[in-house]
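Input: a single structure, listed below in structure tokens.
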There are 4 protein chains.
Amino acid sequence: MLKVGVIGTGMIGQDHIRRMTTVLAGVRVTAVSDVDTAVAASVGARTGARVHSLGVDLINDPEVDAVVVCSWGPTHEQYVLAAIDAGKPVFCEKPLATTQEACLRIIDAEVVVGRRLVQVGYMRRYDGEYRALKAALGRGVIGSPLMMHCTHRNASVPAFYEKEMAITDTAVHEIDMVRWLFDDEVAAVRVLVPRRSRNGGELQDPLMLLLEMSSGVLVDVEISVNIRYGYDIRGEVVGENGTAALGNASPVTVRHAGTDSRPVPADWRERFLRAYDVEFQEWIDSLSAGGQPVGPSAWDGYAAAVVSDAGVAALRTGDRVPVVLADRPKLYAAEVAA
Amino acid sequence: MLKVGVIGTGMIGQDHIRRMTTVLAGVRVTAVSDVDTAVAASVGARTGARVHSLGVDLINDPEVDAVVVCSWGPTHEQYVLAAIDAGKPVFCEKPLATTQEACLRIIDAEVVVGRRLVQVGYMRRYDGEYRALKAALGRGVIGSPLMMHCTHRNASVPAFYEKEMAITDTAVHEIDMVRWLFDDEVAAVRVLVPRRSRNGGELQDPLMLLLEMSSGVLVDVEISVNIRYGYDIRGEVVGENGTAALGNASPVTVRHAGTDSRPVPADWRERFLRAYDVEFQEWIDSLSAGGQPVGPSAWDGYAAAVVSDAGVAALRTGDRVPVVLADRPKLYAAEVAA
Amino acid sequence: MLKVGVIGTGMIGQDHIRRMTTVLAGVRVTAVSDVDTAVAASVGARTGARVHSLGVDLINDPEVDAVVVCSWGPTHEQYVLAAIDAGKPVFCEKPLATTQEACLRIIDAEVVVGRRLVQVGYMRRYDGEYRALKAALGRGVIGSPLMMHCTHRNASVPAFYEKEMAITDTAVHEIDMVRWLFDDEVAAVRVLVPRRSRNGGELQDPLMLLLEMSSGVLVDVEISVNIRYGYDIRGEVVGENGTAALGNASPVTVRHAGTDSRPVPADWRERFLRAYDVEFQEWIDSLSAGGQPVGPSAWDGYAAAVVSDAGVAALRTGDRVPVVLADRPKLYAAEVAA
Amino acid sequence: MLKVGVIGTGMIGQDHIRRMTTVLAGVRVTAVSDVDTAVAASVGARTGARVHSLGVDLINDPEVDAVVVCSWGPTHEQYVLAAIDAGKPVFCEKPLATTQEACLRIIDAEVVVGRRLVQVGYMRRYDGEYRALKAALGRGVIGSPLMMHCTHRNASVPAFYEKEMAITDTAVHEIDMVRWLFDDEVAAVRVLVPRRSRNGGELQDPLMLLLEMSSGVLVDVEISVNIRYGYDIRGEVVGENGTAALGNASPVTVRHAGTDSRPVPADWRERFLRAYDVEFQEWIDSLSAGGQPVGPSAWDGYAAAVVSDAGVAALRTGDRVPVVLADRPKLYAAEVAA
């Protein structure tokens, strides 16, 4: 029974606590902490977890085997570093840290320890459709991949959403996903600007993000964040001899009033509910045997940050922006493929 | 943490033990028992569960809060009755018992206790597609249901499979499902015999089972058990103003060699893997709060047995066979809808 | 340039005149006739065709190479016999005649002539989807056919529609289609009566028609004639090793307001528009070379009448009604396959 | 009965002669001509059409009401100009002419005449799926269009195919289609170069063509010309509130050997067979009433040439290349929308 402490008991943190408490096997939430101590106290009272005022105290609590970081992004670095310092596995919601430099500091710390402790919360790698897509590529029937077409559509975004977030918050999932899917790094980024939807007011929406992989595979990503009709994630890989695409499964089809129709998910919670469950169960299982995490690594978190920064630069300048990564430490040798 | 004892550690039993040990929350397998004591001992050694020679001893073990019965069908009645006698909740894999009379004896025992203890393992009620179908009916857009078309296709069946099993083992899932979906009892049964597939040797395969619900809804079920291409479960409800059908979700689509194709599940394990997980998690959750099970009841197990018997008679005689049920005890008043 | 005379200038007749005048190649409408002489005169004036008061005069007009009969059903026999008598090819809209006996008289007359002159208007054989389905069966990948599931749904029917018409006017298309698809005769018929839709008032709607082919293939046909959402024709053949189904093609898919939807045809005109064009073009082409028609024959018209009568008897009695056909004359030896 | 002369009796020319002779209504091929006089003579003998040694003689033949030009591209200009000079309608297969300047000379000649005589053979405007897509946009449910995703995939191309042809011969269909679909001109072009397929040897395949419409709508076109699995044309318009896509209809679906699959067309003949029929029938109908052609105009042919040239420049330089069109004569005021 893995004992987990959760730093950050906001919406995402509470959802992960619910997941570890009522859905998954082999785990117990033993401690919580939040900058809003009242919320932390309430969650602790409800779940029986100890409440710490400081995340660092939670990390050092002997009743905590592993740490989950769901706090505000700018605080991620310190908690991840503290967990590494304590020699405890840490699952950090995306982003790993808010700057490339911070990500590199985490990598450095982990390399010093010499074994993987950090996992970053890119849940698409755990989605059944993406896994079936990767498996289809692996069977080789479509030949080597050459292109990929992606769409990332949100019904709406909140008022505080700014145009760079289309890259840093929204398409960052595709950035991690293609690195994993193709087992390859992104080499350059472009952003094109289509006609603007009036649904987003002054926001530039949609955008088209173009990612060139090191292999030459060209990925286009439509990012539409106010398209109203639903949350729609699609992807099709174009190979030399065929294509493979996400199934866009739907549980029911209704014929009514002149149409044959299938529901589209309302939001990411509905679409990726199971992926979060699988992500956490596999993380728990990897640790329970005393092992290292095998999911997205600190290197993956760093690479996502670098590509994301290049995307923001591309959006601002209109140019093709090369992606320049630091040397990859041996610790992460095979990580993209994990 | 619900403490569960499992009677029967064959393939299904071991799968449920795996599920309760490594997939689900809030449960622990504390005891096992099997007629093959060596197998039971091995499972006990692997999981840390106590091993009982006799199922009855397991039921009465104070470290067992609830019982799961996965033993050979003819033994179900005695274990379920013993659990009721011990006042312990019992999850019994289908069938509840091998005769209508035995099912009624279980009902009688449970009615004497005055609260629900028994749940029967009809897992389709927990499948996401069937639930979406029931929800679609509930929204009313297609109007009152009038007909339902079902297919139940297996790639192959083992050599010992006999023609009555198409009703008693295979279509019994549809029998329970339509009772739940329409919140209604089956009133009469017919079986039609199409041209025989050579894949099944002398076996009469396929069959068409026709179920008349009390409301008049007519359900046709194609039962094909050697169709080779895969395991394919489909259902479409025809309403007054439209239809609603299972989505037949597939995780990936591949375009290759002149076709656009989607994989079909290989077998029931693949198709209903998640339904089993949800079935057990909800059973555990219903008991953990000290409550009664809310899934398929002893009444549902009895009704399935009666309809199944009528189906076998219809298969033998070629006639339309009415279904005659005993009076439903108040304890099960709303059970079909559960 | 085939010169065609059209008897009956009602809705269907005018549509075929439009087709032969503005859509198809190698044909000219040279004469028309209708019991309503004013309508015939108006059509004649518009198209330049001669107008005959009597159908028989039209048939004997030397400017008429071939005859199309679109008049009221009870008049079909006399016109078809007169055309045979005149040695002219005749395309007769369904039904060939209103009784089995009348169909046999037509067969007798044609057999005396010793070559095929009659074609009956069963247009499904010319639909691209049904032809693709037959071709798929012919490739043999699904093995021998064992069952077929059909749906025939109309959005609504007129007030004069009576319950027998579900067999004689609606499902008669499926009756002809399965004979053609499987190259086999229907051996027996059953009709089952589901719960009644309130959309049809007192009309018994829907019905389920069951056809047993001589080979043992079992065909079920859902007939729903007031289902409102559209006109929906589907069919799936169950073989030993797989299934093949109509594609239910839709030209566009729209994602909007929470759904991914495709339009369903509004009525049979929309669904089978092209099939009628192909039917007539192939009829014209077969005659232009001085040959015999190769489409549905007088035998097919007769067989449809016998099966349809059996269906009506089955509907009235609730029984399984065997289909008893006369001996098939050699002239029609291979006609089902045509 | 429109009397048509066909210049060029190669593969395409013979196919159009077949179409006008055996498929369509209201047309007769009265004259043919080809640089290969033996082929022309053979076609003439088979169809009864007169044979001319020179295209110009065919154009001036009084038995020719309208001209179809299917000869080698570099000869198009002279024949189209000669037809305009003779005051006869002319249907010219794409391209209208091989240079922008030649297209402008045709426009100038037609403007002098003061009425439309020229139609260019862009057949996608006549395809049922593209028309349904345009109709869906017209209904307004998805809001204003913002982006469009297209794929244009060929199973293979001949050995003489060069990389510029991906723009000038292949994607030129999309260039015309988006101008028609959005009733708008292309404002700028980019070409991106993905990883190269080994199926095409040294050929750069695939390519991604990006078209910016004057309205700002951004169109991406995947051009894959050796993808082996089939001919696959897809398109999805992204609007403010939803999307609309080609249906990719398939006539049959087969379940066999672990998959549920639909056939993909083998080539453009199969995919666009009906579109060619409709294109010609509508051209014939527009002329038969003594009217002007309403299909793709000389302006459309010119605009396609300019955009195509910009595409070739973009492919060579890697730059974004603006599209600069001459002023549009009033004669073509509403032509894009036609």
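Scanning the stretch A:233-255 for residues that are aliphatic (A, V, I, L, M) and under 30 Å from A:Asp183 (Cα atoms) gives A:Ile233, A:Val237, A:Val238, A:Ala244, A:Ala245, A:Leu246, A:Ala249.
Looking only at residues of the stretch B:22-44 that are under 24 Å from the mean Cα position of the chain (by Cα) and of a type outside the set (A, V, I, L, M), we find that the one that is nearest to the other protein chains (Cβ to nearest Cβ) is B:Thr22.
Here the condition is being in a strand (DSSP E or B), more than 14 Å from chain D (Cβ to nearest Cβ) and within 26 Å of C:Tyr302 (Cα to Cα); of C:Val6, C:Val80, it holds for C:Val6 alone. Output the residue which, of all residues in the stretch B:287-299 that are over 14 Å from B:Tyr126 (Cα atoms) and surrounded by fewer than 17 Cβ atoms within 10 Å (Cβ to Cβ), is farthest from the other protein chains (Cβ to nearest Cβ). That would be B:Gln292. Exactly one residue among B:Gly230, B:Gly258 is of a type outside the set (Val, Ile, Thr), free of Cβ contacts under 8 Å to residues at least 24 places away in the same chain, over 16 Å from B:Leu181 (Cβ atoms) and within 7 Å of another protein chain (Cβ to nearest Cβ), and that residue is B:Gly258. Go through the stretch A:287-338 and report how many residues are modelled with pLDDT under 95, part of a helix (DSSP H, G or I) and either under 18 Å from A:Cys103 (Cβ atoms) or not small (Gly, Ala, Ser) (or both). The total comes to 2.
Would a scan of the stretch D:210-220 turn up a residue that is away from chain A (no Cβ under 14 Å) and surrounded by fewer than 21 Cβ atoms within 10 Å (Cβ to Cβ)?
Scanning the stretch D:210-220 turns up no residue that is away from chain A (no Cβ under 14 Å) and surrounded by fewer than 21 Cβ atoms within 10 Å (Cβ to Cβ).
For C:Glu270, the conditions (1) at the interface with another protein chain (Cβ under 7 Å from one of its Cβ atoms); (2) at pLDDT below 95 are fulfilled apart from (1).
Checking the stated criteria, A:Glu202 turns out not to satisfy the condition of being away from chain D (no Cβ under 11 Å), farther than 28 Å from D:Ile233 by Cβ and either under 19 Å from the mean Cα position of the chain (by Cα) or of a type in the set (Phe, Trp, Tyr) (or both).
Does any residue in the stretch B:212-223 that is in the same structural domain as B:Leu146 (by TED's automatic domain parsing) and assigned to a loop (DSSP other than H, G, I, E, B) come within less than 7 Å, Cβ to Cβ, of a residue that is surrounded by fewer than 24 Cβ atoms within 10 Å (Cβ to Cβ) and aromatic (Phe, Trp, Tyr) six or more places away or on a different chain, and which pairs are these? Listed pairs, sorted by first residue: B:Ser215/B:Phe182; B:Val217/B:Phe182.
For the stretch C:224-254, taking the residues that are within 19 Å of the chain's Cα centre (by Cα) and part of a loop (DSSP other than H, G, I, E, B), the one that is surrounded by the fewest Cβ atoms within 10 Å (Cβ to Cβ) is identified as C:Tyr231.
When the stretch B:11-60 is filtered for residues that are on the phi > 0 side of the Ramachandran plot and touching an Asp or Glu at 6+ places or on another chain (Cβ under 9 Å), only B:Gly26 remains. Within the stretch A:44-63, the set of residues being closer than 22 Å to A:Thr22 by Cβ, of a type in the set (A, V, I, L, M, F, W, C) and surrounded by fewer than 17 Cβ atoms within 10 Å (Cβ to Cβ) comprises A:Ala45 only. Inspect the stretch A:131-147 for any residue being touching a helix residue (DSSP H, G or I) at 6+ places or on another chain (Cβ under 8 Å) and free of Cβ contacts under 8 Å to residues at least 24 places away in the same chain and give the result as yes or no. Scanning the stretch A:131-147, I find at least one residue that is touching a helix residue (DSSP H, G or I) at 6+ places or on another chain (Cβ under 8 Å) and free of Cβ contacts under 8 Å to residues at least 24 places away in the same chain, so the answer is yes.
Looking across D:Trp299, D:Trp283, one residue alone is closer than 15 Å to D:Asp184 by Cα and in contact (Cβ under 8 Å) with a residue 40 or more places away in the chain. It is D:Trp299. When A:Ile284 is tested against the conditions (1) among the hydrophobic types (A, V, I, L, M, F, W, C); (2) part of a helix (DSSP H, G or I); (3) farther than 30 Å from A:Leu2 by Cα; (4) within 11 Å of another protein chain (Cβ to nearest Cβ), the lone failure is (3).
One residue stands out among those in the stretch D:259-281 that are in a loop (DSSP other than H, G, I, E, B) and not acidic (Asp, Glu): the one that is farthest from D:Glu110 (Cα to Cα), which is D:Val264. May I ask you to list the residues in the stretch B:57-74 that are touching a residue at least 40 places away in the same chain (Cβ under 8 Å), in a helix (DSSP H, G or I) and over 13 Å from B:Thr9 (Cβ atoms)? Of everything in the stretch B:57-74, just one residue is touching a residue at least 40 places away in the same chain (Cβ under 8 Å), in a helix (DSSP H, G or I) and over 13 Å from B:Thr9 (Cβ atoms), namely B:Ile59.
One residue stands out in the stretch A:188-199 among those that are at the interface with chain D (Cβ under 9 Å from one of its Cβ atoms) and out of contact with any Asp or Glu (no Cβ under 8 Å at 6 or more places or on another chain): the one that is nearest to A:Arg320 (Cα to Cα), namely A:Leu192. Residues that are within 30 Å of C:Ala25 (Cβ to Cβ) and facing another protein chain (nearest Cβ under 10 Å) within the stretch C:233-255 comprise C:Leu246, C:Gly247, C:Asn248, C:Ala249, C:Ser250, C:Pro251, C:Val252, listed in sequence order. Quick check on the stretch A:26-45. Is at least one of its residues of a type outside the set (Gly, Ala, Ser), touching a helix residue (DSSP H, G or I) at 6+ places or on another chain (Cβ under 6 Å) and part of a helix (DSSP H, G or I)? No, because not a single residue in the stretch A:26-45 is of a type outside the set (Gly, Ala, Ser), touching a helix residue (DSSP H, G or I) at 6+ places or on another chain (Cβ under 6 Å) and part of a helix (DSSP H, G or I).
Of all residues in the stretch C:79-103, those satisfying the criterion of being closer than 22 Å to C:Thr170 by Cβ and among the hydrophobic types (A, V, I, L, M, F, W, C) are C:Phe91, C:Cys92, C:Leu96, C:Ala97, C:Ala102, C:Cys103. The listed residues are A:Ala159, A:Ala97, A:Ala109, and the only one of them that is touching a helix residue (DSSP H, G or I) at 6+ places or on another chain (Cβ under 8 Å), of a type in the set (A, V, I, L, M, F, W, C) and more than 23 Å from A:Phe280 (Cα to Cα) turns out to be A:Ala109.
The values are calculated or read from the model by the stated rules, or taken from the named source; none is laboratory data. Everything numeric here is computed off the predicted structure, so don't read it as measured data. All Cβ positions, even for glycine, are placed from backbone atoms using ideal geometry, and neighbour counts span all protein chains on display.
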